[in-house]
Amino acid sequence: MEIIVYGIINSITLSLMALGFTLVYSISRLPNFAHGALYITAGYFTWLFINKFAGFPYPFAIIAALALTSIIGALIYRFILIRVRGMEISEIIASYAIGLAILEGLRWGGLRGMTFTLPTFVTGSFNIMGVSVDYQRIIIVGVGIFIFIVLYLFTHFNRIGLALRGIAQDERAAMMLGIDSDMTAIVSLAIGSGLAGFAGVVLLPLGNIIVEVGYNVLIFAIAVCVVGGLGSWGGTIIASFVIGFAQILTEFFLSSHYQMVVALLAIIIILLIKPSGLFGKQKELEERV
Amino acid sequence: MGEGMSGDIPILSTKGISKSFGGLQALIDVSFEVYRGEVFGIIGPNGSGKTTLINCITGFIKIDSGTVYFKEKNITGWKAHKIAHEGIARTFQIMRPYYSLPAYKNLIIPLWSPRARKIGGWRGGGKHGDRDTVAVDILEEIGFERDSKVPYKIASTLPTGYQKRLELARCIAVRPEIIFCDEVFSGLSMSEIAGMLPLIEKMKSDGITLIMIEHRLRELFRVADRVMALNFGEKIAEGEPFVVIEDKRVKEAYLGTEEV
Amino acid sequence: MEMMRRERIDRGIKVRTEGIYAISSIREVLYLLGPRLILIVGMISLPFILELAPYWKRVVNIMCVYSLIALSFDFLANYVGLVCLGGAFFVGIGGYIAAIFNVYLSFPIYVSIPLATICGAIFCTLMLLPCLPLRGVYFAIVTLMYPLFFTRVIEALNILGGTNGITGLSSFPNQYVEEYTIIIVTLLFLFGMRRFVTQDIGLVLRGVKDNDQAVRASGISIAYMKSLAVFIASVMGCFAGAYIAHLYMWSGISLFALDFSIIPIASVVIGGGGTLVGAIIGSVILVPLSEILRAFGTFRIVIYCIILTLVIVFKSEGLMIYLQRKYHQFERWVKV
Amino acid sequence: MRNLVCCLILLLTIIFLMPTGSGAQEKPIIIGAPLSTAFLYGWDAERGMKLAAEEINKAGGVTVGGKKRPFAVEVIDTRDLEPGVPVAEALLAVEKLILDKKADFLVGGPIRSEAALAAMDLLNKHKKVSIATTGNLTPAYTKKIAENYEKYKYCFRNSNQVGEMMKEFVTLLEDLRKTHGFNKAYIMVQDVAHARAGGETMQKALTEKGWTVIDMKIYPTGTVDYSVGLIDSGKKGANVLFLWMDMPESAVLLKQWSDMKLKSLPIGFVNAAEQPGFWKAVEGKCEYLIVNLCNGGNAPAKITSWTMKFVEAYKKKWGLEPEGYGTSSSYMAVYQLKAAIEKANSTDSEAVIKALEEIDIMGVYGRMRFDKKTHQIIPSFDPKEGAVTGIIQWQSGKRVQIFPPKVAEGKVLVPPWMK
């Protein structure tokens, strides 16, 4: 019974982590390797708001932190990534370098040891069908689904959302119709970082804020996006369920220490068999002769 | 089928080739035969499957059904480089020179291929040094004099006409028996085409079979011995150029039907 | 008073476009060979200069190891078009196989390093064979995942000494043998690669980068060519791995660490992609810099990344190409 | 573009010329400390060492060959606890201390066990004495010294090692079985060599003593969800959870344990739970957790007269109680070094090794004597015989020492929902 419950929770956690990365890649073809860093920055800012400015209510701290992270994401694109837009290697290295700089900057700035944690929204736990689950995880599942719906609505029935999808399909065509691709990329990176920050703020209260989590989040995000097909949102959500349940099942049946191996194995196998991922439709792969 | 120019067995013959991309039927049951030393034209409106046919024969795309025989050897489904090794070279509709290399270095790659080395001899460029000189010789054949700047310029800086001829040179360097020319004349000025014609005559005399896909029918008919017409993946006519052009179905394919 | 104006003569344009230039005078020879000679003499004499600061000799070793990995990344990415983010994979495999030969099968050191290089290269090529047809970002991500995957497998199966690694590898006979093996091998690989790239085979590999369809059309199998390129790159990587395993008489899962992938790429980007010397210059700048900044503790990574981002954004062509251009240009006053 | 390149070169030259010399009145004895300063085991060892050096220098320094020479502590960040960093980086730091900073002795040593093992060969090459005080617990360290004394005699360790700690835990669990009737254990360890070895020895030892060990789960570093293991242990009625988690994510496990109100008592090594600040961090959810701080004195206790003096001095200088494993052992290592140098009356490695093997001082956590063959500190349950361990339990915000019985400050409390 707990396989299903914790399978769902694990999958939603993975999908929250990966959604920001997919959004950015699907719209602006930018692999945002600074994803893990933004995840941790949001958590750190929330912690800062709560502890340093006493009396700052928790929800406002979260909103302020998310806003700050989105602005950072937009600034990263505006001043750094915009110049290396076409070159693949430089994009990856530039975004990874910024991610590393932010993470190590936080570690140098004092984010050390285990004493940095965020209070959970609601404490305590209760049983679903005999399995005791704490409220925080239920909130995660609720919030996860809420985000999927909001994203779906935003991209299908909102002007900016449609512009984003336009750029995602074919950049040049969209530019001809007057959609400024750089501005859209800035918006997409801002939303992507906001999502990464949101995942951070929701997931970090489970444990504590440590810099290493940033690196793991990046690896999980890439794992889910690649398996789901780079650039397809549906694919990412379904892939996160595939990997989420695979991890729980390996822990339950095989043994727990193969858990991380599963995620990495999934990437390598999927990429070898179907490079465009389960649902991706990458034009560049089928080289037109 | 008609008597070939020399000898009776066709150098290349295809039987019932068909290919579909998802629902779209690109090729439906196309069979034709080409004889050694012949210039065989393939014409048809846009999207009639001409380039797909070439890709299927040269192994760049997998064939759904049908067989391809090259000198009685069944080469269906072979990998592209193995087919090229047999002696079937091709040019690309969208030119594909090696941008970062100078023009004469572009020819080193085909000269290095196992086929060129197998043939060997002076033309094959045995030692390392020879390949450069052989490359410049081939360029001279194509029409770029040795002392002019052209062979030493980087491929990306060459004008389109020159790049087209470089494609052709790349095919010749592999010592092929058949060359598929995919719209070699398109995008060239009248004078450049005039420059190409003697080259094609020379290749015919060397015994190389040419299969040319063209839209500029006037130039094609001056060179082609036989022509085949395709429409929506089906073969609608084959034979002498002027007979085929008079064929009602070919006119319909190009100009659309008059019935109301 | 006649007007004077600065006229800039670029000797290089003729040199770069033609690629052929007549060498007439000794001055011309010096002009061309100058930079190369400075590099060779400099590298050879480093151990003697550093006699007075013995610690920096070790930094030079590490610098050469990183420049070897950077060379293999530069060759693969800029000459063959395969962006391989998993440099650590070669280092890890090289280190582990050297440890297996040296500790388990107790081969002497001068046998275990070459053997480890070759076997490691074969092993890496076989492992990377299935993902050769991938392109661009996909190949980068798969190769980024390989070292992480191997770390987790070794950790989970607890083989090869698990997380403790294998210790007790035999070290180099003496200090100078240690330094000169790596310096000479780095120079050999550097000039060997520059020669190889202009050979016919090298041209075919560069052809694969420009567009592999054309190479296929002229009868050469791309899979074979790409695996040959990966083999050459992994020879360099595995040698670096075997060398560092013997340098520290230890090999473990942290040879697969991310640093062995990221720093070489950074030095190629800073040094100048496409020019093989750029990789050497990049690591000559980055590795000692990270040593000097060590006093700053974790802040040095931040400085490191900021410099890297600045170079990528403002000087994305890299130092080497910038210097080359400057070297060929000079101004002089000319009467109008 | 010109100006960017010039300012880049300017930046490099400034950094190159930074003066690194240190003032030299009476030539100080330099102690090198290769520690991962961004981690608990790193900075608490550094603080312990600096406190000891400061006290010794205030008391006049070390009398060697007639002169009174002060101690100087040189700390280098090895970053060896960070997952993505190769061990070569740590060994590079060790060499920088020896060759560049001219360190006479090394204290603390690389923290991660694989780096410490790798550094042993290096120490032999440079003939430098090193006392490992924090982080590495693997028995392989002392086994190598015993097997190859001539080569590895330069390495000492003044903190406990895994085998010894397992015996301590088994005796503690035996006491709990007598008092509370616990007999079902569930082992959850991190996927690291020494933790897995510890888990396996614990499983063997407990089954011999008649415990039923339900299962052993191994979690790779970076796992964020322990729910399946915890629920499994709850369902199968485990009343003791043996943990070995050095990774920061272990706080997730504790929070889940207390949220689920599982009927089991968590015991073992939890690196995160050693710090005084941990209680506030997890909002008190680590109540009743029993943690082994490897050596006494890392939490307030009255093992010897010196312990409370050390705790007060630490609180005065750094503003909080001794934080975790590595604090008291590093503090004592400096004092052991002082005693050995004065006994050998020289800083030559060979003489100091002989002296270190013979010295016998009453330290912060009991009698400090090194075993001649393995250079490992001699442990015992009685402070008068040897070095005493420090197992504490979190009781309402305070870390209370509960083991060994001779120096226990309080009794073991059991969570109310377990009764």
Find the residue count for region D:62-107, including only residues that are in contact with a strand residue (DSSP E or B) (Cβ under 7 Å, 6 or more places away or on another chain) and among the polar types (S, T, N, Q).
1
Residue by residue through region A:196-213, note down the ones that are more than 11 Å from chain D (Cβ to nearest Cβ) and out of contact with any His (no Cβ under 9 Å at 6 or more places or on another chain).
A:GLY197, A:PHE198, A:ALA199, A:GLY200, A:VAL201, A:VAL202
Go through (1) surrounded by fewer than 20 Cβ atoms within 10 Å (Cβ to Cβ); (2) in a strand (DSSP E or B) and name the single condition B:ARG36 misses.
(2)
Expected single match for touching a residue at least 24 places away in the same chain (Cβ under 8 Å), of a type outside the set (Val, Ile, Thr) and outside the structural domain of D:GLY326 (by TED's automatic domain parsing) among D:GLU74, D:GLU95, D:GLU82, D:GLU168 is D:GLU168
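Of all helices (runs of 4 or more DSSP H) completely enclosed by region C:76-178, which ones contain at least 1 residues that are among the hydroxyl-bearing types (Ser, Thr, Tyr) and in contact with a strand residue (DSSP E or B) (Cβ under 6 Å, 6 or more places away or on another chain)?
Working: elements: C:87-99, C:109-128, C:136-157.
The helices (runs of 4 or more DSSP H) meeting that bar are C:87-99.
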Of the numbered conditions (1) of a type outside the set (Gly, Ala, Ser); (2) under 17 Å from the mean Cα position of the chain (by Cα); (3) more than 9 Å from every other protein chain (Cβ to nearest Cβ), A:GLN169 satisfies every one except a single condition; which is it?
(2)
All but one of (1) crowded, with 24+ Cβ neighbours inside 10 Å; (2) in a strand (DSSP E or B) hold for C:VAL334, so report the exception by its number.
(1)
Out of D:LYS209, D:LYS167, D:LYS178, D:LYS128, I need the residue that is more than 19 Å from the chain's Cα centre (by Cα), under 30 Å from D:VAL334 (Cβ atoms) and not polar (S, T, N, Q). Which one?
D:LYS128
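If we scan region C:284-298, do we find a residue that is part of a helix (DSSP H, G or I), within 10 Å of chain A (Cβ to nearest Cβ) and surrounded by fewer than 16 Cβ atoms within 10 Å (Cβ to Cβ)? Give the steps one after another, and end with the answer.
Looking only at region C:284-298, we keep the residues that are part of a helix (DSSP H, G or I), and these are C:284-296.
Within this subset, residues satisfying the condition of being within 10 Å of chain A (Cβ to nearest Cβ) are C:296.
Right, trim to surrounded by fewer than 16 Cβ atoms within 10 Å (Cβ to Cβ) and you get C:296.
Among the residues of region C:284-298, at least one is part of a helix (DSSP H, G or I), within 10 Å of chain A (Cβ to nearest Cβ) and surrounded by fewer than 16 Cβ atoms within 10 Å (Cβ to Cβ), which makes the answer yes.
Condition test on D:LYS343, is it part of a helix (DSSP H, G or I), surrounded by fewer than 18 Cβ atoms within 10 Å (Cβ to Cβ), on the phi < 0 side of the Ramachandran plot and among the charged types (D, E, K, R)? Write out each step before concluding.
Working: part of a helix (DSSP H, G or I): yes; surrounded by fewer than 18 Cβ atoms within 10 Å (Cβ to Cβ): yes; on the phi < 0 side of the Ramachandran plot: yes; among the charged types (D, E, K, R): yes.
It is true that D:LYS343 is part of a helix (DSSP H, G or I), surrounded by fewer than 18 Cβ atoms within 10 Å (Cβ to Cβ), on the phi < 0 side of the Ramachandran plot and among the charged types (D, E, K, R).
Hey, can you tell me all the residues within region D:138-161 that are within 12 Å of chain C (Cβ to nearest Cβ) and not β-branched (Val, Ile, Thr)?
Correct list: D:PRO139, D:ALA140, D:TYR141, D:LYS143, D:LYS144, D:GLU147, D:ASN148, D:LYS151, D:TYR152.
Quick one: which of D:SER305, D:SER329 is over 21 Å from D:GLY397 (Cβ atoms) and free of Cβ contacts under 8 Å to residues at least 24 places away in the same chain? Walk me through how you get there before you give the answer.
Details: D:SER329 fails: free of Cβ contacts under 8 Å to residues at least 24 places away in the same chain.
One residue alone meets the criteria, D:SER305.
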Residue pairs qualifying under the 7 Å Cβ cut-off, at least six apart or on distinct chains, with the first in region D:38-59 being of a type in the set (Val, Ile, Thr) and the second being assigned to a helix (DSSP H, G or I), are D:ILE56/D:VAL334; D:ILE56/D:LYS338
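Given the options B:ILE17, B:ILE54, name the one that is at negative phi, assigned by TED's automatic domain parsing to the domain that holds B:ILE211 and either more than 20 Å from the chain's Cα centre (by Cα) or not in a strand (DSSP E or B) (or both). I'd like the intermediate steps shown before the answer.
On the way: B:ILE17 fails: either more than 20 Å from the chain's Cα centre (by Cα) or not in a strand (DSSP E or B) (or both).
After applying the criteria, what remains is B:ILE54.
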Among the residues of region D:93-106, are any of a type outside the set (D, E, K, R) and more than 14 Å from every other protein chain (Cβ to nearest Cβ)?
yes
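Out of A:ILE63, A:ILE76, A:ILE82, A:ILE72, report the one residue that is without any contact (Cβ under 8 Å) to a residue 12 or more places away in the chain and out of contact with any Pro (no Cβ under 7 Å at 6 or more places or on another chain). Please lay out each step first, then the result.
Numbers: A:ILE76 fails: without any contact (Cβ under 8 Å) to a residue 12 or more places away in the chain; A:ILE82 fails: without any contact (Cβ under 8 Å) to a residue 12 or more places away in the chain; A:ILE72 fails: without any contact (Cβ under 8 Å) to a residue 12 or more places away in the chain.
Among A:ILE63, A:ILE76, A:ILE82, A:ILE72, only A:ILE63 is without any contact (Cβ under 8 Å) to a residue 12 or more places away in the chain and out of contact with any Pro (no Cβ under 7 Å at 6 or more places or on another chain).
Take D:GLU74 and decide whether it is surrounded by fewer than 20 Cβ atoms within 10 Å (Cβ to Cβ), at pLDDT 75 or above and within 11 Å of chain C (Cβ to nearest Cβ). It would help to see each step written out before you state the result.
Values: surrounded by fewer than 20 Cβ atoms within 10 Å (Cβ to Cβ): yes; at pLDDT 75 or above: yes; within 11 Å of chain C (Cβ to nearest Cβ): yes.
Taking the combined requirement at face value, the residue satisfies it.
From the list D:TYR226, D:TYR314, D:TYR219, exactly one residue is of a type outside the set (D, E, K, R), in the same structural domain as D:ALA53 (by TED's automatic domain parsing) and surrounded by 21 or more Cβ atoms within 10 Å (Cβ to Cβ). Which is it?
Values: D:TYR226 fails: in the same structural domain as D:ALA53 (by TED's automatic domain parsing); D:TYR219 fails: in the same structural domain as D:ALA53 (by TED's automatic domain parsing).
Result: D:TYR314 is the single residue among D:TYR226, D:TYR314, D:TYR219 that is of a type outside the set (D, E, K, R), in the same structural domain as D:ALA53 (by TED's automatic domain parsing) and surrounded by 21 or more Cβ atoms within 10 Å (Cβ to Cβ).
Each row is one residue, and each column tells you yes or no for (1) on the phi < 0 side of the Ramachandran plot; (2) more than 14 Å from chain C (Cβ to nearest Cβ); (3) at pLDDT below 85.
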{"residue": "B:ILE119", "(1), (2), (3)": "yes, no, yes"}
{"residue": "B:GLY126", "(1), (2), (3)": "yes, no, yes"}
{"residue": "B:PHE144", "(1), (2), (3)": "yes, yes, yes"}
{"residue": "B:PRO151", "(1), (2), (3)": "yes, no, yes"}
{"residue": "B:TYR162", "(1), (2), (3)": "yes, yes, yes"}
{"residue": "B:ARG175", "(1), (2), (3)": "no, no, yes"}
{"residue": "B:GLU192", "(1), (2), (3)": "yes, yes, yes"}
Suppose we keep only residues that are among the aliphatic types (A, V, I, L, M), in contact (Cβ under 8 Å) with a residue 40 or more places away in the chain and over 15 Å from B:ASP182 (Cβ atoms) within region B:68-108. Which one would you say is nearest to the other protein chains (Cβ to nearest Cβ)?
B:LEU101
Examine region C:127-144 for a residue that is under 25 Å from C:THR163 (Cβ atoms), of a type in the set (Ser, Thr, Tyr) and either over 22 Å from the mean Cα position of the chain (by Cα) or modelled with pLDDT of 90 or more (or both), and state whether such a residue exists.
no
Among the residues of region C:287-336, the number that are within 20 Å of A:TRP108 (Cα to Cα) and touching a Pro at 6+ places or on another chain (Cβ under 8 Å) is 0
Is it the case that some residue within region C:268-280 is at the interface with another protein chain (Cβ under 7 Å from one of its Cβ atoms) and either more than 13 Å from the chain's Cα centre (by Cα) or in a helix (DSSP H, G or I) (or both)?
yes
Residue hits (region D:185-198; without any contact (Cβ under 8 Å) to a residue 60 or more places away in the chain and surrounded by fewer than 23 Cβ atoms within 10 Å (Cβ to Cβ)) are D:ARG196, D:ALA197
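Yes or no: region C:241-258 includes at least one residue that is more than 30 Å from D:GLU114 (Cα to Cα) and either within 13 Å of chain A (Cβ to nearest Cβ) or among the charged types (D, E, K, R) (or both). First the steps, then the outcome.
Of all residues in region C:241-258, those more than 30 Å from D:GLU114 (Cα to Cα) come to none.
No, because not a single residue in region C:241-258 is more than 30 Å from D:GLU114 (Cα to Cα) and either within 13 Å of chain A (Cβ to nearest Cβ) or among the charged types (D, E, K, R) (or both).
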For region A:74-124, which positions are part of a helix (DSSP H, G or I), more than 7 Å from every other protein chain (Cβ to nearest Cβ) and of a type in the set (Val, Ile, Thr)?
A:ILE76, A:ILE82, A:ILE102
Can you run down the residue pairs with Cβ atoms below 6 Å, 6 or more apart or on separate chains, where the first is in region C:141-167 and more than 7 Å from every other protein chain (Cβ to nearest Cβ) and the partner is of a type in the set (Ser, Thr, Tyr) and assigned to a strand (DSSP E or B)?
C:ILE166/C:SER251
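The values are calculated or read from the model by the stated rules, or taken from the named source; none is laboratory data. Model, not experiment: these values are computed from the prediction. Reconstructed Cβ throughout: ideal geometry from the backbone, glycine too, with neighbour counts over all protein chains shown.
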